1. So for segment 599-617 (the condition being in a helix (DSSP H, G or I), without any contact (Cβ under 8 Å) to a residue 12 or more places away in the chain and over 26 Å from residue 568 (Cβ atoms)), does at least one residue qualify?
2. Please determine whether any residue of segment 654-671 is farther than 17 Å from residue 587 by Cα and within 33 Å of the chain's Cα centre (by Cα).
3. Condition first: assigned to a strand (DSSP E or B), under 22 Å from the mean Cα position of the chain (by Cα) and within 26 Å of residue 504 (Cα to Cα). Can you find one or more residues in segment 255-274 that meet it?
4. Limited to segment 387-423, what total is found for residues that are assigned to a loop (DSSP other than H, G, I, E, B) and either in contact (Cβ under 8 Å) with a residue 12 or more places away in the chain or not assigned by TED's automatic domain parsing to the domain that holds residue 360 (or both)?
5. Does residue 577 satisfy the criteria of being under 33 Å from the mean Cα position of the chain (by Cα), farther than 30 Å from residue 205 by Cα and without any contact (Cβ under 8 Å) to a residue 60 or more places away in the chain?
6. Hey, any hits in segment 586-607 for a residue that's more than 23 Å from residue 667 (Cα to Cα) and exposed (fewer than 15 other Cβ atoms within 10 Å of the Cβ)?
7. Which ones in segment 673-687 are part of a helix (DSSP H, G or I), within 12 Å of residue 600 (Cβ to Cβ) and touching a helix residue (DSSP H, G or I) at 6+ places or on another chain (Cβ under 9 Å)?
8. Please verify whether residue 81 is touching a strand residue (DSSP E or B) at 6+ places or on another chain (Cβ under 8 Å), surrounded by fewer than 18 Cβ atoms within 10 Å (Cβ to Cβ) and modelled with pLDDT under 95, treating the condition exactly as stated.
């Protein structure tokens, strides 16, 4: 506190406990509220817990020449001290003592080796006093009434061209944090309103992410009526809406601005791109909220396919500090914000025969920074929301194991594994009844509480939390090879089943089916992070695992068709079809003679759809489970027969002209299924009816 008085810095932020009333203090959870703010002095008290996401966010609020003071226990001992934030990665069945502190040990090692970090201890005080004025910011001068760098001005001009130029030519703005990306969006929005454009829409993963955007726009439109997230000026408006709201309630817009796009599920971004012809996507490349590297891999490929004339502007000039700022470089190292996978040219010629499988310990990763950066870099590009806290989990997660594939020393694939289950009878009862939800045991808890299988919580399961393959060598079988190795390792070490849970896409469902796992559960709501339904896949590894997995598959087979007619009535048929394939279903042998006559009357005569519905449902489930329908026929039967979607919706989806043509299409499909499943007598009758129809047609 004496130093604080000596520095006389009023513009400061203090995070954590402070023995003073002279400065306002915040906790880690309040860090995001500081986005868009600038300060001269940041005090981060790590004795109150070190949250890597909060620390990363707050470090970006410092202006060039500012001072960051990190308060810690002695660096050599820091990792042995209790840390409240570590509780966020503790798993049920493990004590605080099981949290090893490797993440903090790595932080300490980097701080002690960094020549620009000034370390003050009771035993060692720097010879020269710390004075922020001794480190003036070397920020290049740029004279413009609104923009603070040439990069920012270029970005503003590019945004305006999206509105004034051709449609379907989206713009992507990318930058590291602190380059004025969000402010550029606000400056451009205000200029467009000033030029007579009426409706600018703004979206982001959360409102707080666009605070600087609206601050800039409000400053440029002082006469307009404004709130923190909306501006109105005589019929002209700039308004924030959540991404899913913009898709479910489409609105007219001269321009859509999407900030922090990397933190928005790709599925939502694709929907926004399809609906809004003039759109700007802005994203941070290295950030505390998630990285833009995964965005680069996935969404830019989608842009190439659907809007090949899209443009990109990259902002590199910092706003608040100079280029090559030592604090920015240090924070990047501390939080692995610059982690990246192996160079493309080093792994391009990989083959299945040359890779080796390894199971490194977390301690080995701590001791090999190169491997840690390659491994974490792969996870970053494979998942749109990987944050620094995930790095802490990687190094300290008590039930975590790591599997990887290496090619000539470089990591080309990685899987994160979590050991689950193994609960005693008393805890199993509480989990099954819904009274306990043990943290870190997703599969064991869900199989027991949601599917109603008490046995599941007692068994030991190995969950594949994440799997990532280097983008240069994907689709060569490496992912499947890694899963095969994990399966053998789990079986050898006494696990009862292998499982995974993920946001469903047709590609991922296909991958896990090819790996030998089968679906046993689907979530009823879309996930907050992926906006996809979560699905759970299993493969048994022991006799007890076989018993549990069999029961799970049976329950899933009974539930899925019913759910498709209720809670999952709008699930994409591209997801429903592979989930329905190979499930147990009422066999067509349960159809009696009258049911077959109903099918004949519907398919080859004029019997109404509703009057034959029971038999149509049975034969539909059989066909979907046996995988004998083409994609269009499967989509039609799923939407109408199982999901009960309206005739109008079904006709529109299949590009058919109204109910009559849709019914006729179902008659044709059912007719083919009759010939496939029926006995000789019914098939002969169907042939005669078909011939009569052709005769009448002539």
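1. There is at least one residue in segment 599-617 that is in a helix (DSSP H, G or I), without any contact (Cβ under 8 Å) to a residue 12 or more places away in the chain and over 26 Å from residue 568 (Cβ atoms).
2. Yes, some residue in segment 654-671 is farther than 17 Å from residue 587 by Cα and within 33 Å of the chain's Cα centre (by Cα).
3. yes
4. Residues in segment 387-423 being assigned to a loop (DSSP other than H, G, I, E, B) and either in contact (Cβ under 8 Å) with a residue 12 or more places away in the chain or not assigned by TED's automatic domain parsing to the domain that holds residue 360 (or both): 7 in total.
5. No: the conditions fail for residue 577.
6. No.
7. 673, 674, 675, 681, 682, 683, 685, 686, 687
8. Taking the combined requirement at face value, the residue does not satisfy it.
The values are calculated or read from the model by the stated rules, or taken from the named source; none is laboratory data. Keep in mind the model is a prediction, meaning the values are calculated, not measured. No Cβ is skipped: glycine too gets one built from the backbone with ideal geometry, and neighbour counts run over all protein chains shown.
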